[in-house]
Amino acid sequence: MSLVRFEHVTKAFGPKKIYTDLCLSIEQGETFTIIGGSGQGKSVMLKMLIGLLKPDSGEIYLDEKRIDNLRDAEWIGVRRRVGMLFQGGALFDSLSVGENIAYGLREHLKLSENELWERVAEALSQVGLEGIEAMLPADLSGGMRKRVALARAIVMTPEVIIYDEPTTGLDPVNTRRINELIIDLQRKLKITSIVVTHDMQSVFSVSDRIAMVHEGRIIFTGNTDELRASSLAEVKAFIQGA
């Protein structure tokens, strides 16, 4: 069943055309990875899905409901269903780890303090960081910051998690750990994962299906075996050069 759909979406910033005909369908429960060169609009696609940008034309659907035409207040419901791990983690440096994770809970849900901190503790446990609620982001390694940001994304129990370059800047050990977490959370939580990455190790480790963006449209969609076997010059160049 299709959970996320982009239908003939266009997007431009002045004379610069980002998408001329974006058509994409992501199935419920799969890990779907989006690849493509720098400046091809991968992050723009994510921002349109969560309402930070609007398409110029075309339609976007979440669970068969059109969302690109929602009013600002209506996006709150969508964003509860879609968690996002931003590229840099985007943690609040002035808040403790626990308060960073609790931020969305306080904003959107009416929970007792006990319920709130139980949810925070559970989210930290799911990313392998039990008991660090009192620490500050500045005291964490890069890999730990990514995992705390992931705990913040999953604490709202979303249906979809978006990972924007989740392994950028990480060493091989932490890259492998993040990849394993993406797989583990998808299996345990039965969520749909959308991963944007340049890291081919991640692509081949976590993906059920992959799409490649090139010059304003999707030029390839398939599984990892089909990606390796693709005869498209753009796909071959990307795999070899990544």
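The values are calculated or read from the model by the stated rules, or taken from the named source; none is laboratory data. Only a predicted model underlies this, so the values are computations on that prediction, with no experimental measurement involved. All Cβ positions, glycine included, derive from the backbone under ideal geometry; neighbour counts span all protein chains shown.
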Can you pull out the strands (runs of 3 or more DSSP E) entirely within region 1-81 that have at least 2 residues that are aromatic (Phe, Trp, Tyr)?
2-13
Per the filter on region 141-181, residues at pLDDT 90 or above, touching a strand residue (DSSP E or B) at 6+ places or on another chain (Cβ under 9 Å) and of a type in the set (Val, Ile, Thr) are 160, 161, 162
From 162, 182, residue being surrounded by 22 or more Cβ atoms within 10 Å (Cβ to Cβ), in contact with a Leu (Cβ under 7 Å, 6 or more places away or on another chain) and hydrophobic (A, V, I, L, M, F, W, C)
162
Looking only at residues that are buried (at least 21 other Cβ atoms within 10 Å of the Cβ) and out of contact with any strand residue (DSSP E or B) (no Cβ under 6 Å at 6 or more places or on another chain) in region 81-97, which one is farthest from residue 28 (Cα to Cα)?
97
Test of understanding: among 141, 207, which residue is loosely packed, with under 14 Cβ neighbours inside 10 Å and either over 23 Å from residue 76 (Cα atoms) or of a type in the set (A, V, I, L, M, F, W, C) (or both)?
141
Scan region 169-198 residue by residue and report those that are more than 30 Å from residue 15 (Cα to Cα) and either part of a loop (DSSP other than H, G, I, E, B) or among the charged types (D, E, K, R) (or both).
169, 170, 171, 176, 177, 180, 184, 187, 188, 190, 191
Qualifying positions in region 103-129 - under 18 Å from residue 90 (Cα atoms) and loosely packed, with under 13 Cβ neighbours inside 10 Å:
106, 107
Return the residues of region 126-178 that are free of Cβ contacts under 8 Å to residues at least 24 places away in the same chain and either acidic (Asp, Glu) or touching an Asp or Glu at 6+ places or on another chain (Cβ under 9 Å) (or both); say none if nothing qualifies.
130, 139
As an exercise: evaluate residue 157 against (1) of a type in the set (Val, Ile, Thr); (2) assigned to a loop (DSSP other than H, G, I, E, B); (3) closer than 20 Å to residue 38 by Cα and give the number of the one condition it does not meet.
(3)
Criterion: acidic (Asp, Glu), surrounded by fewer than 17 Cβ atoms within 10 Å (Cβ to Cβ), touching a residue at least 60 places away in the same chain (Cβ under 8 Å) and out of contact with any Lys or Arg (no Cβ under 6 Å at 6 or more places or on another chain) - qualifying residue of 27, 74:
27
Determine if region 88-100 includes at least one residue that is outside any loop (DSSP other than H, G, I, E, B), closer than 30 Å to residue 137 by Cα and either aliphatic (A, V, I, L, M) or out of contact with any Phe, Trp or Tyr (no Cβ under 8 Å at 6 or more places or on another chain) (or both).
yes
